[in-house]
Every structure is written in C-alpha cells, then in structure tokens.
Amino acid sequence: MRLDSLEMGILVDKVSEVLEMRSESIDSIPYFGIGLNTNFILRLGKSHSKVRILLDMDNLLSSNEVTEVHFSIGEVASMSSSGPWSGAAF
C-alpha cells in the first residue's frame, strides 16, 4: 500500500482462501445508501454462490487513519533515537 510519501503494508492473521476470478464474475459496487462509506470496496466478485468483497488497498485506511499512523511512526522513531530501542530499524 502506498499513500503519498508513506509506504506501508498490512499484516493479516490468516488467509482462509485464495481465489482466481473471471472478469465476468466481477461487478461494480451497488449504491448502498447515504451514510455508508464504501471507499475501500473496489468491486464485488461472485464465486461458488458467494459474494466476495474486493478491497481497494489504497483506500482501505481513511486519510485520518493514515495521518495517525504517520504521527505514530514519528513518535516511535523519536523514542528509538534516545531510548532503549536506540539503533532499531522501524
């Protein structure tokens, strides 16, 4: 995931399934109504009688969440330069 000048990854606990989907089984997202944030949904896929949500990794985190991550990284980096983690790579 690359957000402006901040490059980050996402760690998951478990992957239950990896699928290959044909383009004809992937649809645009429908309108879900006012007040529902769907910015992180890229498309909907249909596979084995189930609907799969395809995530837009560039929009998975809101701009506020990205700012919080960026701020947290700065705090950790400043702590590591003088604290017990001095010299650690973040």
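Nothing in this text is a laboratory measurement; each read-out follows from the coordinates by a stated rule. None of the values given here were measured: they were computed from a predicted structure. Cβ sites come from the backbone with ideal geometry, for glycine too, and all protein chains shown count toward neighbours.
Amide hydrogen proximity for Ser47: with H placed 1.01 Å from N in the peptide plane, the residues at 5 or more positions away or on another chain lying under 5 Å are Arg52.
For segment 12-80, the Cβ-based charge dipole about the Cα centre amounts to some 360 debye (Lys, Arg positive; Asp, Glu negative; other atoms uncharged).
For Leu42, the residues whose modelled amide H falls within less than 5 Å of its own, excluding neighbours fewer than 5 places apart on the same chain, are Leu54, Leu55, Asp56. Here the relative contact order of segment 12-80, from alpha carbon pairs under 8 Å that lie six or more residues apart, stands at 22 percent. Each residue of segment 15-29 is assigned a 3J(HN,Hα), and the resulting list reads 10, 8, 6, 10, 10, 9, 10, 6, 4, 6, 9, 10, 10, 5, 7 Hz, derived from the Karplus form 6.51 cos²θ - 1.76 cosθ + 1.60 (θ = phi - 60°), x at Gly and Pro.
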